[in-house]
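Read the structure below first, then the notes.
The values are calculated or read from the model by the stated rules, or taken from the named source; none is laboratory data. All of these numbers come straight from a predicted model, not from anything done at the bench. Cβ placement follows ideal geometry from the backbone for every residue including glycine, while neighbour counts extend to all protein chains displayed. Only protein heavy atoms, including side chains, enter the accessible area calculation; ligands, DNA and RNA are left aside. Shrake-Rupley method; radii C 1.70, N 1.55, O 1.52, S 1.80 Å.
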Amino acid sequence: MRIDVVTIFPEYLDPFRHALLGKAIENGILQVGVHNLRQWTHDVHQAVDSTPCGGGPGMVMKPDVWGPALDDVAAGTGPAAATADLVSATPHKGAVTAGGVEIKRPEAPQGDKPLLVVPTPAGAQFTQEMAARWSQERHVVFACGRYEGIDQRVVEDAENRYRVEEVSIGDYVLIGGEVAVLVMAEAMVRLISGVLGNRASHEEDSFQDGLLEGPSYTRPREWRGLEVPEVLFSGNHAKIEQWRREQSLLRTRQRRPELLDQVELSTSDRQVLGWD
Ligand code: 6GU
């Protein structure tokens, strides 16, 4: 997968080079380009924003800067081609691709539009389902707005070259989309096959089955007077699975009861919840 991010704060995206994402870059699974929007400005002040039409507080990001930036990033032309891709911050053991070796940009098949994600608190809620869907994409571009957002015509016009989604990571307001991009990219990249060491490890994630994951324990069996639940040492795998399901159901009811309306519950699930 290739990810491009357009932002006025490229340094905000440095965490991409670390840990899981850095390893995916090093292994050649992921290519990341981070582009400074100011490269597409035309004036000495490098202005990216202007006052809102109709008045009101704040500033709106200019369409005549964003338009050409998104054109270039979709096509891999202009300043978008001139920026070197990120390299992993630390070499990891067992890398398939040696650091510093150039990886060719995958060719865009005709008619295959890249996905443009526009982070905004006014977007549809980002979900695990979106992360899973996006993890199958070849090219994902994130357009980070600041201030009061981007002129809406940029999004409208981008539909000609991209499939566009305006997305929020939750019901709170951030200063800009950069941190939201890190959140969404991490959720998405860890689902690409080959990125997580243990292939099964995301099959039991919270949300993968619509329920929250229950508690986990490791040794020692007793710690500070607290015991690991007995059943986990029973060696009875069916019993352990039933117990985990119960914990999952009870925790979900306590913390996120609305999730229970969206999942199919068995007769035994309903008994656990005291519904039958
Ligand atoms: Cl995606 N962007 C901004 N600026 N604020 C947010 C958000 C995104 N999601 C929640 N709050």
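In this structure, does V181 turn out to be open to solvent by less than 20 Å² (accessible area, probe 1.4 Å) and away from the ligand (no atom under 14 Å from the Cβ)? I'd like the intermediate steps shown before the answer.
Details: open to solvent by less than 20 Å² (accessible area, probe 1.4 Å): yes; away from the ligand (no atom under 14 Å from the Cβ): no.
Here the answer is no, as V181 does not meet what is asked.
Take E186 and tell me if it is open to solvent by 70 Å² or more (accessible area, probe 1.4 Å), within 16 Å of the ligand (Cβ to nearest atom) and not polar (S, T, N, Q). Don't jump to the end; show me each part of the working.
Values: open to solvent by 70 Å² or more (accessible area, probe 1.4 Å): yes; within 16 Å of the ligand (Cβ to nearest atom): yes; not polar (S, T, N, Q): yes.
Considered against the rule, which asks whether it is open to solvent by 70 Å² or more (accessible area, probe 1.4 Å), within 16 Å of the ligand (Cβ to nearest atom) and not polar (S, T, N, Q), E186 comes out as yes.
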Out of segment 159-178, which residues are more than 8 Å from the ligand (Cβ to nearest atom), closer than 21 Å to G58 by Cβ and in contact (Cβ under 8 Å) with a residue 60 or more places away in the chain?
-> E178
Can you find a residue in segment 197-212 that is within 12 Å of the ligand (Cβ to nearest atom), open to solvent by less than 70 Å² (accessible area, probe 1.4 Å) and either part of a loop (DSSP other than H, G, I, E, B) or at pLDDT below 95 (or both)?
-> no
Selection count, segment 50-94, where residues are touching a residue at least 40 places away in the same chain (Cβ under 8 Å), over 27 Å from I25 (Cα atoms) and under 26 Å from the mean Cα position of the chain (by Cα) | 5
Return yes or no: is V164 among the β-branched types (V, I, T) and part of a strand (DSSP E or B)?
-> yes
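Being out of contact with any Leu (no Cβ under 6 Å at 6 or more places or on another chain), of a type in the set (D, E, K, R) and within 11 Å of the ligand (Cβ to nearest atom) narrows it down to one residue among E148, E156; which is it? Quick ask: steps written out before the conclusion?
On the way: E156 fails: within 11 Å of the ligand (Cβ to nearest atom).
Selected residue: E148, the only one of E148, E156 that is out of contact with any Leu (no Cβ under 6 Å at 6 or more places or on another chain), of a type in the set (D, E, K, R) and within 11 Å of the ligand (Cβ to nearest atom).
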(1) surrounded by 15 or more Cβ atoms within 10 Å (Cβ to Cβ); (2) free of Cβ contacts under 8 Å to residues at least 12 places away in the same chain all hold for V44 apart from (1)
For segment 115-147, how many residues are under 20 Å from V183 (Cβ atoms), modelled with pLDDT of 95 or more and in a loop (DSSP other than H, G, I, E, B)?
-> 6
Exactly one of (1) surrounded by fewer than 16 Cβ atoms within 10 Å (Cβ to Cβ); (2) over 30 Å from R138 (Cα atoms) is unmet by R253. Its number?
-> (1)
Mind checking whether some residue in segment 136-145 is closer than 23 Å to D14 by Cβ, open to solvent by less than 60 Å² (accessible area, probe 1.4 Å), within 14 Å of the ligand (Cβ to nearest atom) and out of contact with any strand residue (DSSP E or B) (no Cβ under 8 Å at 6 or more places or on another chain)?
-> no
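Starting from residues that are outside any helix (DSSP H, G or I) and in contact (Cβ under 8 Å) with a residue 24 or more places away in the chain, keep the ones in segment 251-276 and report whichever is nearest to the chain's Cα centre (by Cα). Steps first, answer last, please.
Going residue by residue through segment 251-276, those that are outside any helix (DSSP H, G or I) are 256, 263-266, 273-276.
Imposing the further condition that a residue be in contact (Cβ under 8 Å) with a residue 24 or more places away in the chain reduces the set to 256, 263, 273.
Details: R256: 22, V263: 24, L273: 33 Å.
Of everything passing the filter in segment 251-276, R256 is nearest to the chain's Cα centre (by Cα).
Give me the residue from segment 1-42 that is among the aromatic types (F, W, Y) and either farther than 23 Å from K113 by Cα or within 15 Å of the chain's Cα centre (by Cα) (or both) and, out of that set, modelled with the lowest pLDDT.
Taking segment 1-42 as the starting set, the residues that turn out to be among the aromatic types (F, W, Y) are 9, 12, 16, 40.
With the extra rule that they be either farther than 23 Å from K113 by Cα or within 15 Å of the chain's Cα centre (by Cα) (or both), the set shrinks to 9, 12, 16.
Values: F9: 96, Y12: 93, F16: 86.
Out of the qualifying residues, it is F16.
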Any residue at all in segment 59-69 that is assigned to a loop (DSSP other than H, G, I, E, B) and of a type in the set (A, V, I, L, M, F, W, C)?
-> yes
